[in-house]
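Read through the structure below, which is laid out as structure tokens, and then see the notes.
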Amino acid sequence: MDKQHRYRLIKCQSSDLDNLVKISSETFRAAFEKQNDPVDFEKYMSEAFSADRLKKELNQKHASFYFLWDGDALAGYLKVNEFGAQSDLKIDEALELERIYVLQNYQGKGIGAHLIEEVKTIAKNRDKNFIWLGVWEENHSAIKFYEKNGFYKFGTHPYIVGDDKQTDWLMRYDLEV
């Protein structure tokens, strides 16, 4: 079975909140816990991935979460924002890829690249000119992944984890219009 038939990208609904809290917390912790101060990290986790916060994000106009399913198993998720829901640029012609995470046991199987292609399709279907995202400057493997998938750096912005002010690269992918 090929990936396009094996994996299903499904837009999250309010009934998906419990799964969203679980996968958001699990994937962010796996990706960044070891590189951050424990106090700052736990403060960030309790704020960013609480059920109340994610419920607000899930119900936010112009923000969409999607689960990637492998059969009946949840493999990853992503969040895209447009218009005023974007965290920085708020450009109508752009789609922000705010989050893209794959569970550890699914990493290294091409799922990240599959999700990027799904985001490109979403952006094209919404008549966007480009996709942009923020990625921590210390996350060299993610930067390399995005570059491999056609993204390039166009700026930076601050990203706060607890009380730790970090720097994210802003990267973009230009869609053929």
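The values are calculated or read from the model by the stated rules, or taken from the named source; none is laboratory data. If you're wondering where the values come from, they're calculated on a predicted model, not measured in any experiment. Cβ: placed from backbone, ideal geometry, glycine included. Neighbour counts: every protein chain shown. To get the accessible areas, we keep the full protein, side chains included, count just its heavy atoms, and leave off ligands, DNA and RNA. Shrake-Rupley method; radii C 1.70, N 1.55, O 1.52, S 1.80 Å.
Quick one: is Lys128 farther than 22 Å from Glu26 by Cα, buried (at least 17 other Cβ atoms within 10 Å of the Cβ) and at pLDDT 95 or above?
Yes.
Residues in the stretch 135-156 that are open to solvent by less than 60 Å² (accessible area, probe 1.4 Å) and either closer than 16 Å to Gln35 by Cβ or over 16 Å from the mean Cα position of the chain (by Cα) (or both): Val135, Trp136, Asn139, Ala142, Ile143, Gly150, Gly155.
Only residues that are of a type in the set (Gly, Ala, Ser) and more than 13 Å from Ala48 (Cβ to Cβ): list them for the stretch 148-168, please. It would help to see each step written out before you state the result.
The initial filter retains those residues of the stretch 148-168 that are of a type in the set (Gly, Ala, Ser), namely 150, 155, 162.
Correct list: Gly150, Gly155.
Would you confirm whether any residue within the stretch 135-144 is part of a strand (DSSP E or B) and under 22 Å from Leu68 (Cα atoms)? Looking for residues that are part of a strand (DSSP E or B) and under 22 Å from Leu68 (Cα atoms), one finds at least one in the stretch 135-144, hence yes.
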